[in-house]
Every structure is written in structure tokens, then in C-alpha cells.
Number of protein chains: 2
Amino acid sequence: MIPLLAETFREHGYEGASLSLIGQRTGLGKGSLYHFFPGGKAEMAEAVLAELDAWFETNLFHPLHTGPDAEAAIAAMFRTIDSYFRSGRRICLVGLFALGEPRDRFAKAIATYFTRWCQALASALRRAGKDPALAEEFVAGIQGALVLARALDDPDLFTNALARMEARLADGR
Amino acid sequence: MIPLLAETFREHGYEGASLSLIGQRTGLGKGSLYHFFPGGKAEMAEAVLAELDAWFETNLFHPLHTGPDAEAAIAAMFRTIDSYFRSGRRICLVGLFALGEPRDRFAKAIATYFTRWCQALASALRRAGKDPALAEEFVAGIQGALVLARALDDPDLFTNALARMEARLADGR
DNA sequence: GTCTATAAAGCGATAGAC
DNA sequence: GTCTATCGCTTTATAGAC
């Protein structure tokens with residue numbers, strides 16, 4: 001259910017994902033949708049952001065913070081990210097919301113997502129003996145690579161960008 | 001006229017910029033808007049993208065390609081970019097369009113923008129004796145930094161990101 | 001050229017039968 | 001819980017007076 005909503009928002013944006021479109025994708029009528037989400041579309045988006053937040057917390061931030069081998073945790077992050085964003089064929093919903101109109105409405109969830117990502121990565125970098133300032137650079141690099149990959153319709157741009165970041169770490173730069 | 005349209009699309013997105021909102025910002029009624037742009041909103045966006053393309057060609061791409069001092073041209077690009085994006089307080093309209101729904105409709109203009117930027121920067125990097133592969137990395141880094149700065153409502157993130165890119169060049173990395 | 005009025009369609013949201 | 005029907009509003013776009 002939530003994944004279907006997430007995919008609809010990802011592909012059409014918050015405004016572009018009309019209730020009728022959401023109904024088609026989920027196979028539910030408006031009555032059912034408002035039964036599960038009395039708050040309407042805004043509540044659907046909140047639910048999506050909450051689930052997304054939980055997923056990243058479990059699969060990315062927690063391992064980065066607590067993984068015994070920090071270097072391995074960072075390498076695992078790059079693999080997880082490549083898989084999550086379908087090697088550049090999928091965009092970041094939070095990034096899309098951040099750039100667009102819905103930013104103000106979901107400002108807290110958006111800010112939390114990026115703050116936690118940067119902090120978790122910085123923590124792992126520190127423990128791995130690398131420059132923690134790279135965290136912002138990598139998170140921004142990932143977001144930018146998603147923009148570029150989608151703009152040029154070339155998913156390889158994303159995969160290559162991830163590879164270059166890992167190479168920078170290996171070089172000790 | 002076009003700058004007013006551009007700012008409205010930047011702040012509200014393609015779908016969020018309704019004709020009534022555009023009318024408010026430009027001070028024109030719908031009759032006047034359709035007089036100048038018979039194709040409606042799509043034609044307004046096309047005009048904005050065309051003007052934007054011309055601006056970047058003149059102020060960024062051309063200097064990067066033909067500037068006698070390639071290193072100085074790259075430094076000038078960073079200054080121009082910082083000014084254009086209001087030190088992180090303004091987002092990139094093309095990046096926003098690329099991530100969102102209007103991507104397919106304006107695919108050509110979007111792809112051209114990023115392709116030319118990467119090519120121009122790669123050309124300057126090559127002539128400056130740097131790694132031309134950094135071009136994609138920097139363009140993506142700029143886009144990602146704009147996402148992050150807006151997500152966290154912290155323009156300094158953008159300025160700092162630009163500074164780190166320049167530092168990487170100076171270090172010969 | 002710029003305005004008002006209006007058409008036709010789609011939007012989010014609600015009500016109520018089942 | 002799920003559906004259909006509907007409300008009120010906004011949207012893009014057009015028509016026509018001035």
C-alpha cells in the first residue's frame with residue numbers, strides 16, 4: 001500500500017499525484033482512500049515519508065552509526081543506495097519534495113531525513129579515519145547525480161558517481 | 001517579463017504555477033498572457049527555458065570554452081554560479097523540471113542544458129590540465145548542494161560546497 | 001493589447017448506500 | 001471497508017467587449 005503511494009508520488013510529484021491517479025495505482029476508490037487516510041493526500045504523503053524515514057533509519061543510518069567496521073558500513077551504504085535508487089532509474093522522493101512546492105508543508109520530515117543521513121555518514125567517516133566533512137559532499141553528490149541521471153536519461157551517470165565517491169575514499173583523499 | 005515567469009516557476013514548480021498566480025506576479029490578465037503566449041503555460045515555460053539557456057551559454061559555457069586562461073574561467077564559473085543561485089537561496093529551475101513531472105515535456109531543453117554545462121566545464125578542465133571527468137562530478141555536486149541547502153534551509157551549505165570544489169582543484173586532486 | 005465573463009474539465013473532499 | 005454520486009472550487013483555455 002505505502003510503497004504504491006510512494007511510487008506514485010515519486011513519478012508524478014505531490015501535486016501531480018491526483019487522487020484519481022492514486023486510486024488507479026492502488027486499485028482503491030476515493031472512499032477507501034479516505035477511510036485509511038482521513039487527512040487526504042497530505043496524510044498519505046506524511047505516511048510515505050514516515051515509512052521512508054524508518055527504512056533509511058534501519059537500513060542506512062543505524063548501520064553507519066553502530067557497525068563495528070566503519071569502512072565496511074560505508075561500503076554497504078553505497079551498495080544499499082545503488083539498489084534503493086535502482087542504479088539511477090529511481091529518484092529521491094525527499095529530494096523532489098525539497099526542491100518543489102511541498103517543501104514547506106513537509107519541512108520537518110525533509111530536514112530530518114537529510115540531517116540524519118549526513119550525521120550518520122559523518123560518524124562512520126570519523127570512525128574510519130576519514131574526513132567527516134565528506135558526508136555533506138557525498139549526500140549532495142548522490143542527490144545531484146540523481147538529478148543528472150534523470151535529466152540526461154542515463155542511469156550510468158549515477159552508478160559512475162557512486163564509484164567515484166568510493167574511489168575518493170580509497171585514495172585517502 | 002520572462003524573469004518574472006522564471007521566478008514563479010522556480011518557486012512553485014510547473015504545475016504549482018497556475019495561470020492566476022502567474023497573472024498576479026506579472027500583473028497581467030489571462031487575456032494578455034494568452035496574447036503573448038498562445039500556447040499557454042507550456043509556451044511560457046519553453047520561453048523561460050530558452051532565455052535561461054541563452055543566459056548560461058553567454059555567461060558560463062562560452063567563457064569556459066574560449067577563455068584564454070582556463071583556470072581563471074573555471075574560477076569565474078564558480079563566482080557566476082554563486083551569484084546566479086543567490087548563494088544557495090535560489091534553486092535550479094532545470095533541475096526541478098528534471099526531477100518532476102514536466103521532465104518528459106521539456107526533455108530536450110533539460111538534456112541540452114546539462115550536456116552543454118558538462119561539456120563546457122570538461123573542456124576548461126582539460127585545458128587547465130585537470131581531470132575532465134570532474135565536470136560531471138561538479139555539476140552534480142552543484143545540483144545536489146542546491147537540494148541540500150533548500151532541504152535544510154541553510155544556504156551556507158551551497159557556498160561551502162562550491163568552496164570545497166574549488167579547493168579540490170587547487171589541491172590538484 | 002487588456003479586460004471580464006464563461007466554458008469545460010479536473011481537483012480534493014464529503015455523504016451515504018451497501 | 002468499498003463503492004457511486006455529488007459538492008464546491010480551481011484549473012486551463014476561449015470569446016468577445018472595449
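The values are calculated or read from the model by the stated rules, or taken from the named source; none is laboratory data. These numbers were taken from a predicted model, which means no experiment stands behind them. Glycine gets a Cβ as well: all are built from the backbone with ideal geometry, and neighbour counts include every protein chain shown.
Tabulated results
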quantity: Lone qualifier among A:R79, A:R25, A:R86 - being surrounded by fewer than 17 Cβ atoms within 10 Å (Cβ to Cβ), at pLDDT 95 or above and touching a Leu at 6+ places or on another chain (Cβ under 6 Å); calculated: A:R25
quantity: Residues within the range B:1-37 that are closer than 20 Å to A:G13 by Cβ and of a type in the set (F, W, Y), tallied; calculated: 2
quantity: Residues satisfying the stated conditions in the range B:5-24, i.e. under 29 Å from B:R79 (Cβ atoms) and either among the acidic types (D, E) or out of contact with any Asp or Glu (no Cβ under 6 Å at 6 or more places or on another chain) (or both); calculated: B:L5, B:A6, B:E7, B:T8, B:F9, B:R10, B:E11
quantity: Residue ID - nearest to A:K108 (Cα to Cα), chosen from residues in the range A:35-45 that are crowded, with 16+ Cβ neighbours inside 10 Å and more than 7 Å from DNA strand C (Cβ to nearest atom); calculated: A:A45
quantity: Contacts under 7 angstrom Cβ, first residue in the range A:31-58 being within 14 Å of chain B (Cβ to nearest Cβ), partner assigned to a helix (DSSP H, G or I) and within 15 Å of DNA strand D (Cβ to nearest atom), 6 or more apart; calculated: A:K41/A:L19
quantity: Residue match in the range B:130-144 (condition: modelled with pLDDT of 95 or more, within 18 Å of B:A6 (Cα to Cα) and assigned to a helix (DSSP H, G or I)); calculated: yes
quantity: Residues of the range A:63-113 classified as in contact with a Gly (Cβ under 6 Å, 6 or more places away or on another chain), closer than 27 Å to B:T8 by Cα and part of a helix (DSSP H, G or I), total; calculated: 1
quantity: Test: residue in the range B:27-34 that is more than 10 Å from DNA strand C (Cβ to nearest atom) and either assigned to a helix (DSSP H, G or I) or charged (D, E, K, R) (or both); calculated: no
quantity: Scope the range B:85-113; condition more than 14 Å from chain A (Cβ to nearest Cβ) and more than 23 Å from B:A170 (Cα to Cα); matching residues; calculated: B:R86
quantity: Count of residues meeting criterion [within 14 Å of chain A (Cβ to nearest Cβ) and either more than 7 Å from DNA strand D (Cβ to nearest atom) or touching a residue at least 40 places away in the same chain (Cβ under 8 Å) (or both)] in the range B:15-30; calculated: 2
quantity: Test: residue in the range B:104-118 that is within 16 Å of DNA strand D (Cβ to nearest atom) and buried (at least 16 other Cβ atoms within 10 Å of the Cβ); calculated: yes
quantity: When residues of the range A:145-166 are limited to those that are within 8 Å of chain B (Cβ to nearest Cβ) and part of a loop (DSSP other than H, G, I, E, B), the one surrounded by the most Cβ atoms within 10 Å (Cβ to Cβ); calculated: A:L152
quantity: Any hit, the range A:81-98, residues being of a type outside the set (A, V, I, L, M) and either in contact with a strand residue (DSSP E or B) (Cβ under 7 Å, 6 or more places away or on another chain) or over 30 Å from B:Y113 (Cα atoms) (or both); calculated: no
